[in-house]
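The values are calculated or read from the model by the stated rules, or taken from the named source; none is laboratory data. Values in this document were obtained by computation on a predicted structure and should not be read as measured data. A quick note on method: Cβ atoms are made from the backbone with ideal geometry, for glycine too, and the neighbour counts reach across all protein chains shown.
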Amino acid sequence: MNALTWISVGSLAAWLWLLLGQGFFWRTDVRLPDGGPPSGPPTKLPGGTPDGPPDGPPDDDWPSVAIVVPARDEAEVLPESLPSLLAQDYPGRAEVFLVDDGSTDGTGELARSLAAEHGGLPLTVGSPGEPGPGWTGKLWAVRHGMALARARTDAEYLLLTDADIAHAPGSLRALVTAARTADLDLVSQMARLRVVTPWERLIVPAFVYFFSQLYPFRWVNRPGGRTAAAAGGCVLLRREAAERARIPDAIRHAVIDDVTLARAVKRGGGRIWLGLAEQVDSVRPYPRLGQLWRMVSRSAYAQLLYQPLLLLATVAGLAVVYLAPPTAALTGAVTGNVPLLTAGAAAWAVMTGTYLPMLRYYRQPPWLAPLLPFTAALYLLMTVDSAVQHYRGRGAAWKGRTYARPEATPRTPPEAAP
């Protein structure tokens with residue numbers, strides 16, 4: 001057999017292992033149960049979380065929640081997202097703290113106007129000023145929001161949610177119920193991203209698919225397991241666990257803040273859960289390829305710890321796992337090389353089958369599944385571009401700010417912590 005045949009056989013072996021040995025990452029059944037507080041026998045959350053107390057909190061004993069929303073130039077999406085937070089159907093006390101992080105589009109004023117128009121939960125709008133040394137803008141805003149919440153409430157839980165995230169009326173109730181039912185310190189849901197335009201259909205479901213492949217939800221949810229991750233758009237965090245893990249000060253430099261936060265909570269002995277959302281949606285549009293490209297490339301090299309060797313290994317791995325199967329299948333069909341055709345087609349078929357559940361979750365047609373190798377090629381190029389931009393001094397850039405790698409940033413003295 002020639003080299004391409006051996007590569008295609010290796011790719012098939014990799015896909016068989018991914019199918020069975022990577023935490024069943026391709027399944028989309030790790031979601032919060034529908035409905036209100038559980039009653040009767042203990043409820044087991046999907047994805048491996050052990051049983052907790054049998055009942056949710058009584059109607060008069062729901063814990064207080066502070067909802068912290070970091071926002072920078074979000075006037076475009078705020079009319080769709082903020083009213084959904086203000087309208088939460090939550091039996092306990094909840095208050096929204098929106099932190100206007102140096103916006104130039106009137107985000108803070110719009111938030112106050114929307115609160116006056118829609119009513120609902122009380123809203124406080126604050127502004128933290130420019131980030132301190134070593135802080136990313138989002139975490140600096142989260143820090144300020146948490147400080148406001150501590151000063152004005154006795155909240156037991158913090159809901160950290162992005163300004164582009166819309167919540168169904170029962171979202172907060174479901175999050176708190178899950179946290180109380182299974183005694184969890186962190187409950188996070190991967191918001192359902194917008195999928196409308198052709199580029200969104202091609203790239204967005206794959207984004208979540210690749211994320212779950214890196215961080216299988218069942219592994220994340222396993223107590224004592226080493227895998228930790230969260231989805232930054234929707235994180236319910238017990239305040240006691242945040243204080244124990246020194247959140248956000250301990251992760252102030254993190255570009256990929258959600259995964260770093262989950263690791264900090266889990267290292268501190270906290271119990272975490274991550275799953276796909278049914279009541280949480282992103283309303284931010286990414287209609288053009290360039291916008292999606294920037295979304296991925298801004299943090300891809302940070303995910304690889306800014307290590308050139310990891311970049312080379314990732315590029316090689318993507319090529320072997322995703323690009324080799326269709327190349328081998330098509331080459332084998334043209335040349336009449338049966339072993340090459342068989343191995344390539346089999347690997348491509350397994351790849352396609354694992355992608356179908358994610359497409360169903362996003363309500364997309366199944367014919368997109370065989371196009372996953374093309375999408376993977378785009379992600380490969382985005383990852384390489386992320387490294388190129390980093391070495392040009394433009395890496396990890398977002399909304400007018402560019403962040404250095406962590407070891408290049410000065411540390412904030414402990415006494416500066418809120």
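A few notes on this one:
- No other residue among Ala416, Ala333 is farther than 16 Å from Trp15 by Cβ, outside the structural domain of Pro216 (by TED's automatic domain parsing), aliphatic (A, V, I, L, M) and modelled with pLDDT under 95 apart from Ala416.
- Condition broken by Arg246, with the remaining ones in (1) surrounded by fewer than 24 Cβ atoms within 10 Å (Cβ to Cβ); (2) assigned to a helix (DSSP H, G or I) satisfied: (2)
- With respect to (1) modelled with pLDDT of 95 or more; (2) over 24 Å from Val255 (Cα atoms), the lone exception for Val99 is condition (2).
- Only residues that are within 16 Å of Leu341 (Cβ to Cβ) and free of Cβ contacts under 8 Å to residues at least 12 places away in the same chain were counted across region 6-24, and they come to 1.
Yes/no matrix, rows are residues, columns are (1) among the small types (Gly, Ala, Ser); (2) more than 21 Å from Thr383 (Cβ to Cβ):
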site	(1), (2)
Thr161	no, yes
Asp164	no, yes
Trp199	no, no
Gly225	yes, yes
Ile251	no, yes
Ile256	no, no
Val259	no, no
Arg267	no, yes
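- Check on Leu261, touching a Gly at 6+ places or on another chain (Cβ under 7 Å) and either touching a residue at least 24 places away in the same chain (Cβ under 8 Å) or over 18 Å from Leu12 (Cα atoms) (or both): no
- Leu310 falls short on exactly one of the conditions (1) aliphatic (A, V, I, L, M); (2) more than 30 Å from Thr197 (Cβ to Cβ); (3) in contact with a helix residue (DSSP H, G or I) (Cβ under 7 Å, 6 or more places away or on another chain), and that condition is (3).
- Pairs linking a residue in region 131-145 that is on the phi > 0 side of the Ramachandran plot to a residue that is surrounded by fewer than 23 Cβ atoms within 10 Å (Cβ to Cβ) and assigned to a loop (DSSP other than H, G, I, E, B), with Cβ atoms under 7 Å and 6 or more positions apart or on different chains, are Gly134/His253; Gly134/Thr409; Gly134/Pro410; Gly134/Arg411; Gly134/Thr412.
- Selection status of Ile256, modelled with pLDDT under 95 and of a type outside the set (S, T, N, Q): yes
- For region 24-78, a tally of residues being among the basic types (Lys, Arg) and at pLDDT below 50 returns 0.
- From the list Asp101, Asp164, Asp185, the lone residue that is free of Cβ contacts under 8 Å to residues at least 60 places away in the same chain and in contact with a strand residue (DSSP E or B) (Cβ under 7 Å, 6 or more places away or on another chain) is Asp101.
- Criterion violated by Val255 - all others in (1) under 22 Å from Asn221 (Cα atoms); (2) buried (at least 16 other Cβ atoms within 10 Å of the Cβ) satisfied: (1)
- For region 327-345, the candidate set comprises residues that are of a type outside the set (A, V, I, L, M) and buried (at least 21 other Cβ atoms within 10 Å of the Cβ); within that set, the residue that is nearest to Ala369 (Cα to Cα) is Gly344.
- Of the residues examined, Arg238 is not one that is under 30 Å from Trp62 (Cβ atoms) and free of Cβ contacts under 8 Å to residues at least 60 places away in the same chain.
- Evaluation of Arg201 against the conditions (1) basic (Lys, Arg); (2) closer than 26 Å to Thr352 by Cβ; (3) crowded, with 22+ Cβ neighbours inside 10 Å shows that the sole unmet condition is (3).
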